[in-house]
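S.K.: First, the structure itself, so that you have it in front of you.
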Amino acid sequence: MRHRLSPREREILLWACRGKTYCEIAAILGISFSSTKTYLDGARYKLNAVNLPHACAFAVAVGVLATDEILAGHFELDVVSLPRPDPP
């Protein structure tokens with residue numbers, strides 16, 4: 001069974017899985033709180049999930065979201081240039 005989310009539902013669910021609140025997601029995407037809630041409610045319904053953590057876990061389990069793309073929002077690596085040691 002395929003669980004088809006709209007691109008917007010998927011994007012907003014991704015932010016929720018990264019731990020963002022409805023207000024934070026709304027601010028990040030420039031949409032209203034109620035639109036954020038509507039998209040997440042739709043995603044939860046399509047995934048047959050009872051809450052957001054369930055939706056996130058199920059989305060990963062069925063391949064709607066990948067773990068690495070969820071984690072990509074948590075860890076931003078700074079590339080640091082280390083000094084080279086002096087040659088012997």
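S.K.: Quick one: is E9 touching a helix residue (DSSP H, G or I) at 6+ places or on another chain (Cβ under 6 Å), part of a helix (DSSP H, G or I) and of a type in the set (D, E)?
M.R.: On the way: touching a helix residue (DSSP H, G or I) at 6+ places or on another chain (Cβ under 6 Å): yes; part of a helix (DSSP H, G or I): yes; of a type in the set (D, E): yes.
Here the answer is yes, as E9 does meet what is asked.
S.K.: Here's something else I'd like to know. Restricting to segment 39-57, give me the number of residues that are surrounded by 15 or more Cβ atoms within 10 Å (Cβ to Cβ) and under 11 Å from E9 (Cβ atoms).
M.R.: Residues that pass the stated criteria total 8.
S.K.: Still on this structure: Please list, ordered by first then second residue, the pairs with beta carbon atoms under 8 Å, 6 or more apart or interchain, first in segment 42-67 and without any contact (Cβ under 8 Å) to a residue 12 or more places away in the chain and within 18 Å of P7 (Cβ to Cβ), second in a helix (DSSP H, G or I) and aromatic (F, W, Y).
M.R.: Cβ pairs passing all conditions: none.
S.K.: Moving on. State the number of residues belonging to segment 1-22 that are among the β-branched types (V, I, T) and either touching a residue at least 40 places away in the same chain (Cβ under 8 Å) or surrounded by fewer than 16 Cβ atoms within 10 Å (Cβ to Cβ) (or both).
M.R.: 1
S.K.: Scanning segment 58-71 for residues that are in a helix (DSSP H, G or I) and over 11 Å from the mean Cα position of the chain (by Cα), which turns out nearest to I25 (Cα to Cα)? Reasoning before the result, please.
M.R.: At the first step, the residues of segment 58-71 found to be in a helix (DSSP H, G or I) are 58-61, 67-71.
Of the ones still in play, those that are also over 11 Å from the mean Cα position of the chain (by Cα) are 58, 61.
Working: F58: 20, A61: 23 Å.
The qualifying residue nearest to I25 (Cα to Cα) is F58.
Read-outs: derived from the displayed coordinates by stated rules, not from any lab. Quick caveat: nothing in here was measured; it's all calculated off a predicted structure. Here Cβ is always computed from backbone atoms with ideal geometry, including for glycine, and neighbour counts include all displayed protein chains.
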